[in-house]
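Nothing in this text is a laboratory measurement; each read-out follows from the coordinates by a stated rule. Please read these numbers as outputs of a predicted model, since none were measured by experiment. So basically every Cβ, Gly included, is an ideal-geometry build from the backbone, and we count neighbours across all protein chains shown.
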Amino acid sequence: MEDSRESLREIADDIRYQNKIKAKSAGFLDIHSNDMLKASILREKLENTLDEINESVSSIYEAMSGFNAPGMKKAFFDSIAKGMNRGSRSMFLIDSAKRELGKYYDREGE
């Protein structure tokens, strides 16, 4: 009799544990669903930003000679990377990016 009560307690504990896991999973799924909804709202804005980057690269090649355009494009991409790699993970550091791009122009007299 005692063994069966112990078995029932173990089963009940196991069920409670499984319910806790399910509740936590549901919470994470709610967060994920909410974030994906927000991401889909942001998609158009982010794609527009990518279009602007593409237009900027195209304008570099239209405005500059084939000899210097690749260097300018590299400086532009390096400045974007610099803005992402420094400081806070949650922000784009525009001042760092502009300083990095400025290095291209500082070497202009070389």
Using a Förster distance of 35 Å, the FRET efficiency for Phe77-Asp35 (Cβ separation, nearest 0.05):
0.80
What full-extension length gain, to one decimal in nm, is calculated for Ile94 and Ser58 as 0.36 nm per residue of separation minus the Cα-Cα distance?
10.8 nm
For region 64-110, Kirkwood radius (reciprocal of mean inverse C-alpha pair distance, Å)
11.2
Using Cα pairs under 8 angstrom and six or more residues apart, how large is the relative contact order of region 64-110, in percent?
35
